[in-house]
Amino acid sequence: MRGRLWAALTLLSVAVLSASAVTWVALQRVDARLQDLHQETLSQVAQAIDLSKRSSDLATTAPYLLNQRSNFLIEQEGAKLLTVLDRVRTDWPETRFDSAQDPQTPVSDILDSMTAGVSDLVAASRSLDTLQAQLRERTVVLGVLRNTATTATASPDGDDAARLIWWSLQSMNSDSLNAAYAGNLIGVGEEQRHYLRQREALNEFPLNAQQEVFLQQLEGAVWGVTGIFELRRLELSSNLEAQNALFRIRHDANRINELAGEYAGQAEAFLAGERVASSRTIWGARMSVAAISAVSLALAMTAAIYVSQYVTFNITRVSAAMVRLANGDRASALPRRLGGKDEIGDLFRSFRSFRANALRLDRSNRQLDQRNALFEKVFTNISDGIAIADATGRVTARNPAFLKILKLSDDSAEAASLVDWLHQGRFAEAAQGIDLRHDHRGHCELVSSDGQVLDIRASKLPDDGRVWLLADVTERRKMSDRLQQIDRIETLGKVAGDTAHDFANILSTIRTHAHLLETRGHGDASESLDAIGNAVDFGASLTDRLLAFARKQNLTPEVVDLSALIEGMADLVEIGLKPNVTLDIALPMMPLQVRVDPGQLESALLNLLLNANNAIEDVGHIKVTLDQLGTDQARILIEDDGHGMPLDVLDRAIEPFFTTREGEGGTGLGLSIVYGFIRQTGGHFNIESAAGHGTQIEVLLPLAVADQVHKHLPSANACLLVEDDPKTRASVEKLLVELGFDVTTSDTGHEAMMLLKHNQFDLLISDLDLGGTIDGLDLVEAAGWGPHHVKTIIMSGKSSAKKGVPEHTAFIEKPVTSNTLAQAL
Ligand SMILES: Nc1ncnc2c1ncn2[C@@H]1O[C@H](COP(=O)(O)OP(=O)(O)OP(=O)(O)O)[C@@H](O)[C@H]1O
Ligand SMILES: [Mg+2]
């Protein structure tokens, strides 16, 4: 849109600028033409007229040349005239106004002719001057002769004939003088002919000496190039030439005048032409400005109408569609083809994405409604109690089953936190002993006074709140207890059967050899004694292994570096492997330290490696990898590409006495011992295997804490004494201190649980009944969870309570004395 407006404005600006440019150029041209007229034409015309005037003046001045009586003056005047002509020649304007109307004779030709005329005039004047001087001389001579003749004629001394001759001579002299003043050549000829006639007539008469001299002098002045007749004739012809030159000069001056006039005429015509051209140019400019203005106006109008119509029309469409959309009409749409690459196009696209968003919102609202309905259904109908707490731990929502499970009525007082809710019902006592703070994670179980088992699980919400899930697992617990019991009994039965079988063998061996010793008398007893010894050793090893399985081995844990341990046993292992079985050991760069009985760990790893070796039929590969898992665990991975275990074998692999290698000397105790040992050390043990795909065994061991690593040996006298009766607590504490124990006391099960969790004790001595939900046996169990082996002693007033105490826990009947205590320790 903005682009179109800019385009229209640019067009308009261009139009206006063009109009201005055209006008400016036209006016410039007119101005230039006018300047031409003034500066060139008019001045040239003026110059031409001035030069023509000079030519006319020259024509007027020229006749005066003839009057000059000196060659020098003639030359001077002639030079002046030629200078004038030269100026006319050089200054005559060259510019022609119209080349088509060139005059037939160019001014230079006329000036050439004029120059020739002036030169001729000067030459004629000069010769006239010479001739006239000679004529004057002859006239003087003739005048002297005339006087002589006149005197002789008038003299009375002579005869008539002589006087007549003198008279003829005088007449001849007169004729020659008359020729000197004759007006033209004919007159000179007349006088000459008359003179000759008289000279012929004189031939008839004899002349005297004086007359002869006179005639000779006369003849000398009359004839020849310098004679009076020839001089007068020459003077007259020079005069004619001068007149002729003057005539030509005048004629040429007139022609120059005409040329100047013609030049002025041309200038006038040129001026008229220029006026026409200028007015045509101005007209053209005017027309162009008018046309451009009209086009600009039309453009502006079109642009304005187009923009207003385009914008209004499209905005109306979009706003109408928006209104329909806002009113819930999701079908409200705009045609796809509309909307170019301008702001209106953007508006159309915005509307489309707005509509798409609205549709998406509708869809997600529908999904949300469905999900809400589902959630509501689950929340209301689930048999477990659900409580949702905010980040501060306050219960903000709960489902109907929540009250039902806690056996609270609907009119129970609203409580803030879950613990507050629990305190209202039958779990009040149980809840006291356990930590159900808001940041509780995982799950815990509460047992009510009437034996209901409540499983409580917490899940963290993204806003740091919690979802508490309360499930009544009383039945499930009963069932699982029962199953475990059955399982235990079954296993126990099997172990007992197998053990009994082995022991029966041992006993039968002993009995046979004892009998042999008895009956043989003084024979060689060593064989029987060896057999009895072997049987006893086998029995002892069986016992050890059973103890290991029962996690009751006497372990002597110490901090060891697993890399060093594994590396140390590698050679030994390789010797025991089948020839085509290769062993690959990958150890980390960093030492991984765990607190473990190194001998037992070695034998466990050996067991696992031998199992792997046994699983490989012919050629195979075993890989042992040691690495760290997370921040607090070391992992030993033993992988083999042997035959693997089918599911039924995998299920029972760690069961004591379970073996698939009966004929090959397998006892079926290997894995069960490894499992028992790892568990007793506080670690974990996982098997992954499938028939035909090899086996992976993972042993996880807790990394030694810094404290253990540095001390290497634990202080063996940290003791936790739990007793709710202050008197008994004080007396037992005294006894323990006397025995060298560092005693920590506690009077509730809950507190003791906390102490066990966060501290490491070597000895736990607890009253059986602590008056809360947590009793001495719970503490004993908790003490067994950690990696560190804790010695446990249960005290009770009732001797019958001993039955419930686990085997690895000592029992002291109250009152506790230093003797009974020492015994138990
Ligand atoms: N790496 C393994 N690959 C395949 N099967 C295995 C592997 N380790 C154990 N098993 C299976 O688990 C059974 C039980 O193993 P366990 O080590 O407990 O006993 P055993 O090896 O048979 O006898 P013993 O350990 O006394 O020699 C084995 O008989 C074998 O079938
Ligand atoms: Mg084995």
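Here are the numbers for this structure:
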read-out: Average Cα contact separation per residue, the chain, under 8 Å, 6 or more apart, as relative contact order %; value: 7 percent
read-out: Span from the segment 237-314 Cα centroid across to the segment 113-161 one, whole angstrom; value: 69 Å
read-out: Set K757/K791; K494/K791; K578/K623; K478/K803; K478/K798 screened for pairs whose C-alpha atoms are more than 25 Å apart; value: K494/K791; K478/K798
read-out: Total charge dipole magnitude, the chain, about the Cα centre, Cβ charges on Lys, Arg, Asp, Glu only, Debye to nearest 20; value: 3840 debye
read-out: Per DSSP, loop trypsin sites (Lys or Arg not before Pro) in segment 608-707 with at most 13 further Cβ within 10 Å; value: R661
read-out: Selected from I506, G451, L609, residue furthest toward positive end of dipole (the chain; charges at beta carbon); value: G451
read-out: Computed [θ] at 222 nm, helices only, for the chain once each DSSP H run of length n ≥ 4 contributes -39500 (n - 2.57); value: -21000 deg cm²/dmol
read-out: Furthest towards positive pole of dipole, S18, L334, A730, structure part the chain, Cβ charges; value: S18
read-out: Gain upon complete extension [K494, R275; 0.36 nm per residue less C-alpha separation]; value: 65.0 nm
read-out: Cβ-Cβ FRET estimate between A428 and S731, R0 fixed at 41 Å, reported to 0.05; value: 0.80
read-out: Rough spin-label spacing in nm, given labels placed 7 Å along Cα→Cβ, for R476 and I305; value: 8.2 nm
read-out: Built amide H within the under 5 Å cut-off of V581, gap 5+; value: G620
read-out: Selected from L131, L177, A162, residue furthest toward positive end of dipole (segment 125-192; charges at beta carbon); value: L131
read-out: Calculated FRET value between L629 and I585, using beta carbons and R₀ = 25 Å, to 0.05; value: 0.90
read-out: Of the trypsin sites (Lys or Arg not before Pro) in segment 16-97, those whose Cβ has at most 14 other Cβ within 10 Å and which sit in DSSP loop; value: R69, R96
read-out: Estimated inter-spin distance, D159 and E376, nm [label 7 Å along Cα→Cβ]; value: 19.9 nm
read-out: At least 24 Å along the helix axis (C-alpha) and Kyte average at least 0.0, DSSP helices within the chain; value: 2-36, 107-154, 228-326, 526-549, 598-615
read-out: Amide H within-cut-off set for Q633, under 5 Å, with H built and near neighbours excluded; value: L703
read-out: Amide H contacts under 5 Å for D597, placed H, 5+ residues apart; value: E558
read-out: Loop-located GluC sites (Glu not before Pro) in segment 587-662, at most 16 other Cβ atoms within 10 Å (DSSP); value: E617
read-out: Fraction of antiparallel bridges per DSSP, the chain only, in percent to nearest 5; value: 65 percent
read-out: Percent RCO, i.e. relative contact order, over segment 62-208, from Cα pairs under 8 Å lying at least 6 residues apart; value: 19 percent
read-out: Simple spin-label estimate for D544 and A525 in nanometres, 7 Å along Cα-Cβ; value: 2.7 nm
read-out: C-alpha center-to-center spacing [segment 333-394, segment 189-217] in angstrom; value: 163 Å
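A short reminder: the numbers here are calculations on the coordinates, not readings from a lab. Because the structure is predicted, anything quoted here is derived from the model rather than measured. So basically every Cβ, Gly included, is an ideal-geometry build from the backbone, and we count neighbours across all protein chains shown.
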